[in-house]
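A short write-up of the structure that comes next.
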Amino acid sequence: MHTEGSDMELIRQVLGGDQNAYGVLVDRYKNFVFTIVLRYIKSREDAEEVSQDIFVKAYRFLSDYKGTAKFSTWLYTITTTSCITFLRKKRPENASLDDERVFAAADEVDGGMSANQVEQKSRIATVNAAINMLSPDDAQVITLFYKGEQTLEEIAQIMGKEPNTVKVQLHRARGRLKEKMEKHFAAEVKDLY
Amino acid sequence: MKAYTNEEMEMHIWEYIDGQLSGDERQRISELVASHAAWKSKYAELLALHQGIDLAELDQPSMRFTRNVMEEIAKYHIAPATREYINKKIIWSIAGFFVTIILAFVVYGISQVDWSAGTSGGLFDTDLRSVDYSPLFNNTYINFFLMANVVAALFLLDRVLSQKRKNFHRSSGSVE
């Protein structure tokens, strides 16, 4: 049985031959990785396959992780390069394909919940749907900053950019997100502000 | 008060919200937000957006995701760290090989210069087509030197490739 150790402890266990310790790391980061992959690859099926490959790749090259950066930063770097490689191999999908998914997500409100829960769920769906409407780079920078617990310097490392460039990109991405929300979810935005 | 464009104001407020300002700067923006209606309103707007983005949820893969990954990694061993199997001696040998060739040609070229010749004519007065290159390639020592270098290069290439083959078998061919 595994206790919830730090990333570094778990990595040491994995490198010491305890393959099951890797399962804890997978559970810890699967949602982050899958969300970032979905920012690039709109099909859930492909995104799941790519996410699995990312964890397999990270496992195989775990001894290359030097521990100088956070494990999550290292993992997200693999995630970004894997997504770019996948997109290069596969013909880019039509951007409009995700509209259906986006609006379906926006409508995803469970009728069995209390008014407050419904309102909260609706807000979350609105924000998620608006993020999905952004370009992969904008969506990724927002996801890494808000959900991936990465600093601007770490995001710069992941995306192979200068920290100042990332800072400006984050600022612009939030501006574009606001525009999308005001344009497509005007009623929900009123509640949000 | 210094006049700020809308974009500058937004940038400063975002830095303020993200906690990226130093003590003095933070104090200055805090005062601006408290005392100016435009700053106050923009701050409220951006803070609402910031809190809204914070609400965003992560997508979840299928329930079987972790099990799939664990089944997949069971087929592999962890590859040795790159720094362990890249032999620095080989890298230095290859670099040394090229540096030696370049130096040999430079030394040979300098040794062929007739320093006693007049300097009235410039470089472009020399007809390059009339230069006799044959001694360069008919010289036994030069030929021997080139041959030795080619053999050394082939030897190094063979070592690099066999090392790569070993690593490949060790990592990807280790299906249990």
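Taking each residue in A:10-19, count the Cβ atoms of any other chain within 10 Å of its Cβ, then average. What number comes out?
Working: counts 0, 0, 0, 0, 2, 2, 0, 2, 0, 6.
Rounded to a whole number, the mean comes out at 1.
Go ahead and run the numbers for FRET between residue A:6 and residue A:176, Cβ-Cβ distance against an R0 of 45 Å, rounding to 0.05.
Values: r = 36 Å, r/R0 = 0.80.
Efficiency at R0 = 45 Å is approximately 0.80.
Write out the trypsin sites (Lys or Arg not before Pro) in region B:2-97 meeting two conditions: DSSP loop, and at most 14 other Cβ atoms within 10 Å of their Cβ.
On the way: sites: B:2, B:26, B:28, B:40, B:42, B:64, B:67, B:75, B:83, B:88, B:89; in loops: B:2, B:64, B:75.
Taking region B:2-97 and a limit of 14 other Cβ atoms within 10 Å, the loop trypsin sites (Lys or Arg not before Pro) found are B:2, B:64, B:75.
Specify, per residue and in Å³, the volume enclosed by the convex hull of the alpha carbon atoms belonging to region A:146-185. Walk me through the intermediate numbers first.
On the way: hull volume 2.7 nm³, N = 40.
Output value, Cα hull per residue: 67 Å³.
Other chains near B:70-81: what is the mean number of their Cβ atoms within 10 Å of each residue's Cβ?
On the way: counts 8, 1, 5, 12, 1, 1, 5, 4, 11, 6, 3, 7.
Taking all residues of B:70-81 together, the mean is 5.
Give the Kirkwood hydrodynamic radius (Å, one decimal) of region B:8-121, defined as one over the mean of 1/r across all pairs of different Cα atoms.
22.7
Neighbouring Cβ atoms within 10 Å as the yardstick, rank B:133, B:4, A:146 fewest first.
Values: B:133 7, B:4 15, A:146 18.
Exposure proxy ranking, most exposed first: B:133, B:4, A:146.
What's the exposure ranking of A:90, A:57, A:30, going from fewest to most Cβ atoms within 10 Å?
Working: A:90 12, A:57 16, A:30 23.
Least crowded to most crowded, the residues run A:90, A:57, A:30.
Could you work out how much longer the chain between residue B:62 and residue B:93 gets when fully extended? Use 0.36 nm per residue separation minus the Cα distance between them, nm to one decimal. Could you put the intermediate results ahead of the total?
Values: separation 31, 0.36 × 31 = 11.16 nm, distance 5.06 nm.
Contour length minus Cα-Cα distance gives 6.1 nm.
Averaging over every viewing direction, what projected area does the convex hull of the Cα atoms of region B:8-51 cover, in nm²?
Details: hull surface 10.8 nm².
Projected over every direction and averaged, the Cα hull of region B:8-51 covers 2.7 nm².
Peptide A:126-134: average number of partner chain Cβ atoms within 10 Å per residue?
Working: counts 3, 8, 5, 1, 3, 2, 2, 0, 0.
Partner Cβ neighbours, averaged per residue: 3.
Consider all pairwise Cα distances in region A:1-61 and report the whole-number % of them above 15 Å. Write out the running numbers ahead of the final one.
Details: 917 of 1830 pairs.
Counting pairs separated by more than 15 Å, the tail of P(r) holds 50 percent.
Between residue B:163 and residue B:141, what is the label-to-label distance in nm when each label sits 7 Å out along the Cα-to-Cβ direction?
Result for the modelled spin labels: 3.3 nm.
Quick one: of A:89/B:88; A:66/B:89; A:57/A:90; A:183/B:40, which pairs are farther than 27 Å apart, Cα to Cα? It would help to have the intermediate numbers written out before the result.
Working: A:89/B:88 33 Å; A:66/B:89 22 Å; A:57/A:90 19 Å; A:183/B:40 24 Å.
Beyond 27 Å between Cα atoms: A:89/B:88.
What is the order of A:36, A:124, A:142, fewest Cβ neighbours within 10 Å to most?
Working: A:36 29, A:124 17, A:142 24.
With the sparsest Cβ surroundings first, the list reads A:124, A:142, A:36.
Throughout, read-outs are computed from the coordinates displayed, never taken from laboratory work. Owing to the predicted nature of the structure, the values given are computational and were not obtained by experimental measurement. When we count neighbours, we look across all protein chains shown, and the Cβ atoms used for this are built from the backbone with ideal geometry, even at glycine.
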